[in-house]
Amino acid sequence: MDLFIKFLVAAVAASIPLLFGTVGEILCEKVGHLNLGVEGMMSIGACAGFMVGMQTDSFVLALLAAFAAGVVAALIYAVLTVTFLADQNVSGLTLTIFGIGLANFVGIYMLGHTENGTLKLPEGITAQMREIHIAGLSDIPVAGDLLFSYSPFVYLGIVLAVCAGLFFKKTKLGLNVQAIGHNPAAADAAGINVTRWKYLMILIGGGICGIGGAYCAMIINSGVWISNNVGGLGWIAVALVIFAKWNPWIAIGGSFVFGALRVLKYYMPPSIIKLPTAFYDMLPFLITAIILILSSISKKRDLNIPGSLGVNYFREER
């Protein structure tokens with residue numbers, strides 16, 4: 001039982017970068033833009049958050065830097081696809097290549113200016129990111145471990161997902177945003193500023209992805225900088241959007257499932273089934289591929305998918 005509780009706690013922790021990436025991509029796709037640059041935005045956010053945290057010893061500043069870096073990266077994509085009507089798939093893939101390359105370049109440059117060849121966050125900021133202890137709640141058996149034993153990133157990610165779900169389902173502005181994604185011409189005719197909302201949602205989504213990248217660099221890698229620290233999680237997040245049916249609330253559960261797959265190799269008793277470690281490393285990506293294949297061959301159109309997803313809106317053609 002104790003091993004199972006530890007597995008659930010580890011699964012929650014492993015799911016958070018996926019949750020940030022998925023929620024950020026949902027915001028982008030809700031206005032009709034398929035951004036395949038999630039991995040790049042997360043990488044840039046990871047680099048900015050880590051480097052600012054290392055220099056300032058402030059978790060808050062690191063968080064803001066990661067968000068700002070994600071926004072700037074998303075701005076590149078938004079200008080290309082919203083203003084210049086560039087192909088969304090090509091722009092997103094280019095952003096991923098650029099983001100990973102830029103993050104690795106900055107990391108290698110900084111490593112070259114250290115005495116011991118290692119970049120590690122100082123103890124001050126590491127202490128700020130440790131699990132939050134809530135007196136009276138964190139000490140509750142089982143429930144304390146499952147609900148009140150995580151870093152600030154975990155609670156922030158869940159709050160963002162819940163707020164995003166409320167925004168889309170319970171507010172007039174959220175309905176307007178979804179109208180843009182389904183039919184931008186009709187939304188434009190109804191007086192909704194399509195371009196403004198496209199930019200706003202793409203930029204906020206990019207910032208959220210940047211925070212997810214910071215989690216990878218600062219928490220998953222134990223505060224030590226390594227190249228390619230996002231490790232393909234951005235691609236899983238893109239598939240999770242489909243798995244979650246473009247619903248931020250479902251994304252919480254979907255991220256947990258994939259987080260559980262990521263840490264399964266550490267908690268699977270050899271006496272039950274013995275498989276190579278590489279199989280467990282492959283499993284999340286295998287499930288991702290299956291989701292994408294099934295979604296592409298499915299004849300039933302999901303009512304939640306934005307109708308204009310992947311199609312640029314040219315106002316003069318409406």
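The values are calculated or read from the model by the stated rules, or taken from the named source; none is laboratory data. All values reported here derive from a predicted model rather than from experimental measurement. When we count neighbours, we look across all protein chains shown, and the Cβ atoms used for this are built from the backbone with ideal geometry, even at glycine. For accessibility, only protein heavy atoms count, side chains too; no ligands or nucleic acids. Shrake-Rupley method; radii C 1.70, N 1.55, O 1.52, S 1.80 Å.
Remarks
- Only listed residue being more than 22 Å from Leu146 (Cβ to Cβ) and touching a residue at least 40 places away in the same chain (Cβ under 8 Å), chosen from Ala217, Ala186: Ala217
- Residues considered: Val177, Val162. Of these, the only one that is open to solvent by less than 10 Å² (accessible area, probe 1.4 Å) and either within 22 Å of Gly21 (Cα to Cα) or touching a Pro at 6+ places or on another chain (Cβ under 8 Å) (or both) is Val177.
- Filter result for Asn104 (under 21 Å from Gly206 (Cβ atoms) and not aromatic (Phe, Trp, Tyr)): yes
- Residue, most open to solvent (accessible area, probe 1.4 Å), within the stretch 251-280, restricted to residues that are at pLDDT below 90 and assigned to a helix (DSSP H, G or I): Tyr266
- Check on Ala78, under 29 Å from Pro122 (Cβ atoms), among the aliphatic types (A, V, I, L, M) and open to solvent by less than 20 Å² (accessible area, probe 1.4 Å): no
- Test: Val230 is among the β-branched types (Val, Ile, Thr), within 13 Å of the chain's Cα centre (by Cα), surrounded by 22 or more Cβ atoms within 10 Å (Cβ to Cβ) and not in a helix (DSSP H, G or I): yes
- Checked against the criterion of being open to solvent by 10 Å² or more (accessible area, probe 1.4 Å), assigned to a helix (DSSP H, G or I) and of a type in the set (Phe, Trp, Tyr), the candidates Phe67, Phe50, Phe20 yield just one match: Phe67.
Residues are listed down the side, and each one gets a yes or a no for (1) modelled with pLDDT of 90 or more; (2) more than 19 Å from Ile226 (Cβ to Cβ); (3) in a loop (DSSP other than H, G, I, E, B); (4) in contact with a Lys or Arg (Cβ under 7 Å, 6 or more places away or on another chain):
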{"residue": "Gly107", "(1), (2), (3), (4)": "yes, no, no, no"}
{"residue": "Thr118", "(1), (2), (3), (4)": "no, no, yes, no"}
{"residue": "Thr126", "(1), (2), (3), (4)": "no, no, no, no"}
{"residue": "Ile134", "(1), (2), (3), (4)": "no, yes, yes, no"}
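- Search result, residues across the stretch 132-151 that are under 27 Å from Met42 (Cα atoms) and buried (at least 16 other Cβ atoms within 10 Å of the Cβ): Phe148, Ser149, Tyr150, Ser151
- Residue that is nearest to Tyr215 (Cα to Cα), among those in the stretch 92-131 that are without any contact (Cβ under 8 Å) to a residue 40 or more places away in the chain and open to solvent by less than 70 Å² (accessible area, probe 1.4 Å): Ala127
- Screening Tyr199 against (1) under 28 Å from Val71 (Cβ atoms); (2) out of contact with any helix residue (DSSP H, G or I) (no Cβ under 6 Å at 6 or more places or on another chain); (3) among the hydroxyl-bearing types (Ser, Thr, Tyr); (4) surrounded by 15 or more Cβ atoms within 10 Å (Cβ to Cβ) leaves a single unmet condition, (2).
- Residues (over 14 Å from Ile100 (Cβ atoms) and surrounded by fewer than 24 Cβ atoms within 10 Å (Cβ to Cβ)) located in the stretch 208-227: Ile219, Ile220, Asn221, Ser222, Gly223, Val224
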